[in-house]
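The values are calculated or read from the model by the stated rules, or taken from the named source; none is laboratory data. Since the structure is predicted, the reported quantities are computational estimates derived from the model, not experimental observations. Methodologically, a virtual Cβ is constructed for each residue, glycine included, from the backbone with ideal geometry; neighbour enumeration extends over all protein chains shown. Accessible surface areas use protein heavy atoms only, side chains included; no ligands, DNA or RNA. Shrake-Rupley method; radii C 1.70, N 1.55, O 1.52, S 1.80 Å.
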Amino acid sequence: MAKKPKQYEDDDGRTIANMNVEGMPWYDKEAKRVSRAQARAELADRVARGDALTARESVRYGLYAVLAGLTVVGFIAGGVCLLILILWLIWK
């Protein structure tokens, strides 16, 4: 069962200020959705045709893969360092 919104005695339902102004993060979301949908459709068409990635896309995705790997290695190395520090403090 959904919660009912609170009803205030002095609320007549009028809008005091329109918050949908340019520069706000929620402004014109429909245009962003349409552009993302078009980009996805274009990528799906390229994949269906079997086109190869451009050199720039290959470099970008390679960089993303390396950064993801470095992130995992960083977390593991940080955990090992923390474990060694804790054990050193305990045995000290």
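Odds and ends about this structure:
- Within the stretch 31-53, tally of residues that are assigned to a helix (DSSP H, G or I) and of a type in the set (Asp, Glu): 2
- With respect to being open to solvent by 80 Å² or more (accessible area, probe 1.4 Å), without any contact (Cβ under 8 Å) to a residue 40 or more places away in the chain and within 18 Å of the chain's Cα centre (by Cα), ARG49 falls outside the description.
- Looking only at residues in the stretch 1-38 that are of a type in the set (Ser, Thr, Tyr) and open to solvent by less than 100 Å² (accessible area, probe 1.4 Å), the one that is modelled with the lowest pLDDT is TYR27.
- The number of residues in the stretch 54-87 being modelled with pLDDT of 95 or more and open to solvent by 80 Å² or more (accessible area, probe 1.4 Å) comes to 15.
- Residues of the stretch 7-42 that are within 19 Å of the chain's Cα centre (by Cα) and aliphatic (A, V, I, L, M): MET24, ALA31, VAL34, ALA37, ALA39.
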